[in-house]
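What follows is a single structure, written as structure tokens, with notes after it.
Only the coordinates and a few stated rules stand behind these numbers; no lab work does. Just so we're clear, the structure is a prediction, and the values are computed from it rather than from any experiment. Quick reminder, even Gly has a Cβ in these numbers, built from the backbone with ideal geometry, and neighbours come from all protein chains shown.
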Amino acid sequence: GAVVSQHPSRVICKSGTSVKIECRSLDFQATTMFWYRQFPKKSLMLMATSNEGSKATYEQGVEKDKFLINHASLTLSTLTVTSAHPEDSSFYICSGLAADPRHYEQYFGPGTRLTVT
Amino acid sequence: GNSVTQMEGPVTLSEEAFLTINCTYTATGYPSLFWYVQYPGEGLQLLLKATKADDKGSNKGFEATYRKETTSFHLEKGSVQVSDSAVYFCALAGSARQLTFGSGTQLTVLP
């Protein structure tokens with residue numbers, strides 16, 4: 001199947017700093033990428049939908065100025081957590097959707113564990 | 001809107017036991033249905049899928065049948081292994097291709 005990578009896999013940062021997480025589709029073009037947040041022992045919460053070349057669409061309750069999403073190419077989307085606080089500590093997962101509209105399958109990255117101290 | 005209701009966990013089974021994890025959904029139109037598996041500390045992996053009514057998805061001994069009449073997509077495996085221990089998520093994708101996830105079911109298989 002298609003492969004999505006995330007970098008870094010783990011990051012620890014101090015409160016008030018910003019952290020960038022990269023999501024790459026390695027062997028397919030992803031016109032759409034999704035960013036999820038997962039709390040311990042909880043399901044995935046969709047944060048935003050990112051379409052290549054356009055602004056991301058954020059879910060209700062997600063602060064767009066805090067979680068900056070850029071989808072500059074068909075293989076790369078980035079999530080920047082700005083002015084991070086301990087409550088932003090979480091597992092962040094991205095997924096890519098193939099450009100072919102016949103495909104409904106999202107391919108998930110391995111996730112990034114963010115810890116804000 | 002779309003929603004997925006999944007059997008609450010955790011589920012603990014002995015090796016070689018039969019597994020069923022119930023999943024029902026509410027959706028407009030004709031969604032595609034999925035089961036994803038998440039191993040500790042990892043992202044999600046697609047386990048199986050079904051894109052239309054009466055389709056049966058299968059993989060690694062797991063099966064699920066898309067039942068439109070009961071709006072269900074229950075996951076089954078005849079004989080679980082310790083290596084099947086993970087969290088299982090039922091999900092649907094509507095016309096916008098966004099996934100709606102169930103709450104996840106933690107499965108632990110004991111030797």
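Among B:TYR39, A:TYR92, the order by Cβ neighbours within 10 angstrom, fewest to most, reads B:TYR39, A:TYR92. Amide H to amide H distances under 5 Å link A:SER89 with A:VAL116, where only residues 5 or more positions off or on other chains count and H is placed in the peptide plane.
Computed about its Cα centre, the charge dipole of chain B is approximately 400 debye, with only Lys, Arg, Asp and Glu carrying charge at their Cβ. Can you list the aspartates and glutamates whose alpha carbon is less than 18 Å from that of B:LYS56, not counting same-chain residues fewer than 8 positions off? Reachable aspartates and glutamates: A:GLU105, B:GLU69, B:GLU76.
Placing R0 at 45 angstrom, the Cβ-Cβ distance between A:THR117 and B:GLU8 gives a FRET efficiency of 0.85 after rounding to 0.05. The simple spin-label model puts a point 7 Å past each Cα toward its Cβ; for B:LYS68 and A:LYS14 those points are separated by 6.0 nm. Give the distance, in whole Å, between the Cα centre of the range A:49-117 and the Cα centre of the range B:18-90. Taking the Cα centre of the range B:18-90 as reference, the centre of the range A:49-117 is 25 Å away.
Once both labels are positioned 7 Å from their Cα atoms along Cα-to-Cβ, the gap between B:PHE18 and A:SER73 label points is 5.2 nm.
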